[in-house]
Amino acid sequence: MPQPNLLTPPASIPPATALALSQKAPPILSKSPTSSLPWPLSLLLSTETPATWTIHENLFFAALRTGDDASARKVLDRLTSRFGADNERIVTLRGVYEEALAQNEAELQKIFEDYEKILREDPTNFAVRKRRVAVLKSLGRTNDAITALTVLLENSPTDAEAWAELSDLYARQGAWGQAVYCMEEVLLVMPNAWSAHAQVATLHYQSAHTNSPPSVSALSTSLRHFSRALELNSSYLRGFYGLKLASKALIPLLSDAPMSNSAKKRAAENGDDDDVPPPKLQTVKRLEELATEKLAEIVRNYNAGKKGWTGYQEVEVLAAKELLDKDGKVER
Amino acid sequence: MAFGGAALNIIGALFLAHAIYSAHEHTTTFPTSPLPLDITIELLVSVLLLSTGIVFSSPALKPIQWAQWSGKISREGQQPEAGKKTREGEQILGDGDMFAFLGLDGYGEGRRGFWDVRGKRKEYVGWVKAGGRA
């Protein structure tokens, strides 16, 4: 278990870690990083570094989520006096603070209207636009959130974070086509993102299972994207997990109906998206073996606490172990 | 290996200092005669020792292939860089998953820009009510 760190908060923050993070507030708040002296002297005596403000911001989020509103307020005041109340980022942080303290939907609605007012004055404040979407989501108005996000993305089509959020919203509604489209936009901006490839693969996998029997083309696309994720990250647990699931689903489909050459040709002709023929049964089988082997290696080394193998999330390793156990230990 | 490297560096530096001192003394006492062979050998050996020591005491090389590099991050997690801390006492960490901000790995914190503060607060209150155990 790594030390809770405010400069680079861990990838996942369970409540216990959040508490540990927010308990760092008193020592940080006790001494001021800026100096109260007049201008030329303050430059000499201030102790601030760029890291100072990152730490303050993360402390603000940790304090808010653990209900330590007094500390959050102090951090916010400190940031406001340093950067000014009109700073885009400060405006957003203030919004987050108010959202957290809103007691009911009516107050949340009022915050939403405040955001609208800010955006009328300065429509280029993208951080506030994103907060607006978050409020809509938290009010349960998913369709409005989607509309707001599409407008945002029309103005800023290279915002990968917003594309990912939109994809997530579509996927929650079961609109797989749109969700996949949004994730592919993320890939256009960041073609090396292994998690984005795995997410595209996951969406294809989920959409394949909405039909019965699952569609071969969606499953093979999923298999391909999982493989690409693994090409980009040689020890990606989620990638191997998905590769195993996708290949396991694909093997019976491929062996049941070995596509005749004419059927293959037809699929190639009418398919707009899936013009690549499905992979060979042999290849899929070998991929499944590879995934099983790698998953077993990860689970074994993680559970043994071997040095250099402890970076995985415990939940993910448990899930992988479950998948392997369900599969039977014969293969290993 | 770092310890052996440091030892080699110290020995090498001592020999180098000694060789330089000897060369200086020799040239001031006998300005016309050539440098004796033992001083030359000592100098060369000390430089060799120092170079080896520097190579051994340098930190491990980072992977230069993308898949190896990202795989290392996945396997090991984000590790603190030895001895580096900010003024607030927070450790400075090495490379981490640079795509974590996309919030696509389900367990993660999600996207910071769309941070669901109310949901997170509810989760925390639930955790406290349940007795504060993970």
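The values are calculated or read from the model by the stated rules, or taken from the named source; none is laboratory data. Computed from a predicted structure; not experimentally measured. Ideal geometry is used to build each Cβ from the backbone, glycine not excepted, and the neighbour counts take in all protein chains shown.
Hey, can you tell me all the residues within the stretch B:90-104 that are over 29 Å from A:PHE112 (Cα atoms) and either more than 7 Å from chain A (Cβ to nearest Cβ) or not small (Gly, Ala, Ser) (or both)?
If the condition is that a residue be over 29 Å from A:PHE112 (Cα atoms) and either more than 7 Å from chain A (Cβ to nearest Cβ) or not small (Gly, Ala, Ser) (or both), then B:GLU90, B:GLN91, B:ILE92, B:LEU93, B:GLY94, B:ASP95, B:ASP97, B:MET98, B:PHE99 are the ones that fit.
Of all the criteria given as (1) surrounded by 15 or more Cβ atoms within 10 Å (Cβ to Cβ); (2) touching a Pro at 6+ places or on another chain (Cβ under 9 Å), the one not satisfied by A:PRO15 is (2). Every condition in (1) under 30 Å from A:PRO252 (Cα atoms); (2) part of a helix (DSSP H, G or I); (3) more than 11 Å from every other protein chain (Cβ to nearest Cβ); (4) polar (S, T, N, Q) is met by A:THR202 except one, and the failing one is (3).
When the residues of the stretch A:138-150 are filtered to those that are at pLDDT 90 or above and crowded, with 17+ Cβ neighbours inside 10 Å, which remaining residue is farthest from A:VAL75 (Cα to Cα)? Applying the filter and picking the extreme gives A:ILE146.
Of the residues making up the stretch A:122-171, those that are outside any helix (DSSP H, G or I) and over 19 Å from B:ALA100 (Cα atoms) are A:ASP122, A:PRO123, A:THR124, A:ASN125, A:LEU139, A:GLY140, A:ARG141, A:SER156, A:PRO157.
For the stretch A:81-106, give me each residue that is of a type in the set (Ser, Thr, Tyr) and within 24 Å of the chain's Cα centre (by Cα).
Hits for the stretch A:81-106 are A:THR92, A:TYR97.
This table checks each residue for (1) of a type in the set (D, E, K, R); (2) over 30 Å from A:SER71 (Cβ atoms).
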site: A:GLN109; (1), (2): no, no
site: A:TYR115; (1), (2): no, no
site: A:THR124; (1), (2): no, yes
site: A:ARG131; (1), (2): yes, no
site: A:ALA134; (1), (2): no, no
site: A:ALA160; (1), (2): no, yes
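Restricting attention to the stretch A:11-30, the residues being among the aliphatic types (A, V, I, L, M), closer than 15 Å to A:LEU64 by Cβ and in a loop (DSSP other than H, G, I, E, B) number 1. Within the stretch A:31-44, residues that are not in a loop (DSSP other than H, G, I, E, B) reach partners that are not hydrophobic (A, V, I, L, M, F, W, C) with beta carbons closer than 9 Å, at six or more positions or on different chains, in the pairs A:LEU41/A:SER35; A:SER42/A:THR34; A:SER42/A:SER35; A:SER42/A:SER36; A:LEU43/A:SER35; A:LEU44/A:SER35. Checked against (1) surrounded by 16 or more Cβ atoms within 10 Å (Cβ to Cβ); (2) on the phi > 0 side of the Ramachandran plot; (3) in contact with a Pro (Cβ under 9 Å, 6 or more places away or on another chain), B:GLN91 passes all but a single condition, namely (2). Is it the case, given these coordinates, that A:ILE251 is of a type outside the set (Phe, Trp, Tyr) and either at the interface with chain B (Cβ under 9 Å from one of its Cβ atoms) or closer than 21 Å to B:ARG112 by Cβ (or both)? No.
Taking the condition in contact (Cβ under 8 Å) with a residue 60 or more places away in the chain, under 22 Å from A:GLY174 (Cβ atoms) and touching a helix residue (DSSP H, G or I) at 6+ places or on another chain (Cβ under 6 Å), does A:VAL216 pass? Criteria met by A:VAL216. The stretch A:205-314 holds helices (runs of 4 or more DSSP H) entirely within its bounds, and those carrying 1 or more residues that are of a type in the set (Gly, Ala, Ser) and at pLDDT 85 or above map to A:216-232, A:237-256, A:281-303. Exactly one residue out of B:VAL55, B:VAL125, B:VAL45 is closer than 30 Å to A:ILE111 by Cβ and either among the hydroxyl-bearing types (Ser, Thr, Tyr) or modelled with pLDDT of 90 or more (or both): that is B:VAL125. Just one of the listed residues (A:GLN178, A:GLN173, A:GLN103) is surrounded by fewer than 19 Cβ atoms within 10 Å (Cβ to Cβ), over 26 Å from A:HIS56 (Cβ atoms) and touching a residue at least 24 places away in the same chain (Cβ under 8 Å), and it is A:GLN173.
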